[in-house]
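Computed from the coordinates by the stated procedures, all read-outs in this text should not be read as laboratory data. Keep in mind the model is a prediction, meaning the values are calculated, not measured. Because the Cβ atoms are built from the backbone with ideal geometry, glycine has one as well, and the counts that use them run over all protein chains shown.
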Protein chains: 2
Amino acid sequence: MQEKEIKVMKKILATNDKMAMELRNILKEKGVLFINLMSSPGSGKTTLLENTAKNFNGKLAVIEGDIETTLDSQRISNAGMLSYQINTGPFGGDCHLESGWIKSALEEIDLTNIDILFVENIGNLVCPAEFDVGAHFNVVVLSTTEGEDKPLKYPLAFQNSSVCIITKTDLTPYLEIDLKQLKENIKKVNPKLKILELSSKTGNGMENWFNFLNKNKLS
Amino acid sequence: MQEKEIKVMKKILATNDKMAMELRNILKEKGVLFINLMSSPGSGKTTLLENTAKNFNGKLAVIEGDIETTLDSQRISNAGMLSYQINTGPFGGDCHLESGWIKSALEEIDLTNIDILFVENIGNLVCPAEFDVGAHFNVVVLSTTEGEDKPLKYPLAFQNSSVCIITKTDLTPYLEIDLKQLKENIKKVNPKLKILELSSKTGNGMENWFNFLNKNKLS
């Protein structure tokens with residue numbers, strides 16, 4: 001990597017981190033818990049949010065990050081959650097969200113009475129972990145279909161998160177996944193990571209996720 | 001995005017594309033078919049290569065791209081394929097491979113009698129599609145567990161590929177995936193994309209992948 005490139009990159013990250021810190025404080029003052037969901041494409045972030053919209057008792061909003069389409073925003077909206085879409089396609093197809101975009105989005109979202117604001121980050125286990133969006137908690141989502149080795153191969157998303165949700169537990173009878181090994185690998189890269197196992201489809205384990213949200217609500 | 005940043009980025013892409021073109025020609029002259037596999041983490045690229053190593057008749061080599069660990073390289077090597085690992089972790093954890101790194105890797109790989117060289121790109125459906133690594137064919141891999149909407153949401157990987165492999169077809173009885181809709185979505189973003197459906201686990205459909213490789217071998 002050339003020196004010029006590194007300098008530009010550091011400047012971007014410093015600007016991003018400063019604004020993220022401001023956002024974190026602003027939302028805390030407003031009493032809005034801010035949660036950033038990160039995962040690969042297809043790990044089940046949107047389905048988790050749909051189930052949460054339908055079954056969690058509280059007023060929720062989500063900022064949906066996608067390169068293209070408003071498909072997720074429509075799904076979440078149909079489930080009854082206030083939803084705002086950011087598409088990065090027109091801006092070079094960026095593979096992550098940045099705090100500046102969240103700040104711009106918040107100018108258009110009415111946060112009155114909102115208990116929890118989610119960001120559904122762009123489906124990518126690499127880049128989103130490098131950019132602080134100002135959340136109070138980063139949550140990394142991993143499905144049982146992805147294999148035991150993913151925490152070791154993509155450590156940053158696990159190191160920069162407070163909670164890891166293992167989704168699609170209903171599929172384990174049909175997979176060769178070793179859940180014990182997966183959890184050991186998660187603990188290897190981040191011993192403090194809180195692990196929740198659930199199936200958004202059957203509802204199994206959702207109560208642990210809802211308990212986590214209730215415990216950390218700010219108002 | 002700032003003007004300075006865009007200029008740097010364009011220069012990197014131009015340098016990358018020039019070297020990719022050179023690599024493509026060099027490997028063609030040597031009679032080595034060069035295939036770049038791209039997908040999300042956990043879509044089944046490594047398992048596809050393991051099955052290919054065991055059951056395809058030909059001398060194969062793979063360049064494994066990962067941010068961290070040599071786990072995939074070990075798996076492939078155990079299956080009997082010549083394997084070379086690139087880890088981007090020490091270089092900032094880049095989320096894709098570039099043609100310059102492939103060129104460096106090739107200086108250490110003995111290509112004598114090799115029929116097919118694979119790149120298993122870093123697990124990421126976004127960034128790898130932006131960087132030409134010099135392959136004769138880009139192959140995008142998508143598993144049945146990832147949902148019908150992924151081609152619409154991450155179009156570039158599908159637009160920049162010649163073949164799409166739908167993996168884990170053995171799991172479809174336990175999923176709500178609409179395979180017809182998935183294939184329609186693939187054709188929407190790239191009508192020319194050749195679609196192969198297979199299960200590396202059961203072996204179902206692997207013959208179509210092997211036929212594709214045999215048909216396109218250069219020696």
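Observations
- Neighbouring Cβ atoms from other chains, within 10 Å of the Cβ of residues in B:146-158, number 5 on average.
- Averaged over A:42-50, number of beta-carbon atoms from partner chains that fall within 10 Å: 3
- Karplus 3J(HN,Hα) series, Hz, for the range A:199-207 with 6.51 cos²θ - 1.76 cosθ + 1.60 (x for Gly, Pro): 10, 5, 6, 8, x, 4, x, 4, 4
- For chain A, the dipole from Cβ point charges (+1 on Lys and Arg, -1 on Asp and Glu) about the Cα centre works out to 680 debye, to the nearest 20.
- Kirkwood radius, the range B:100-219, all distinct C-alpha pairs, inverse of mean reciprocal distance: 15.7 Å.
- When peptides A:191-199, A:111-119 are ranked by their average number of other Cβ atoms within 10 Å per residue, the highest-first order is A:111-119, A:191-199.
- By the Cβ distance rule (another cysteine Cβ under 4.7 Å), the unpaired cysteines of chain B are B:Cys164.
- Listed residue pairs exceeding 24 Å between alpha carbons, taken from A:Lys18/A:Lys153; A:Lys150/A:Lys194; A:Lys192/A:Lys215; B:Lys59/B:Lys201; B:Lys45/B:Lys217: A:Lys18/A:Lys153
- Neighbouring Cβ atoms from other chains, within 10 Å of the Cβ of residues in A:159-171, number 1 on average.
- Normalised by residue count, chain A yields a Cα convex hull volume of 127 Å³ per residue.
- Value of [θ]222 nm, deg cm²/dmol, for chain A, DSSP H segments ≥ 4, -39500 (n - 2.57) each, nearest 500: -11500 deg cm²/dmol
- Overall size of the protein assembly as shown from C-alpha positions, given as principal axis extents largest first: 68, 51, 42 Å.
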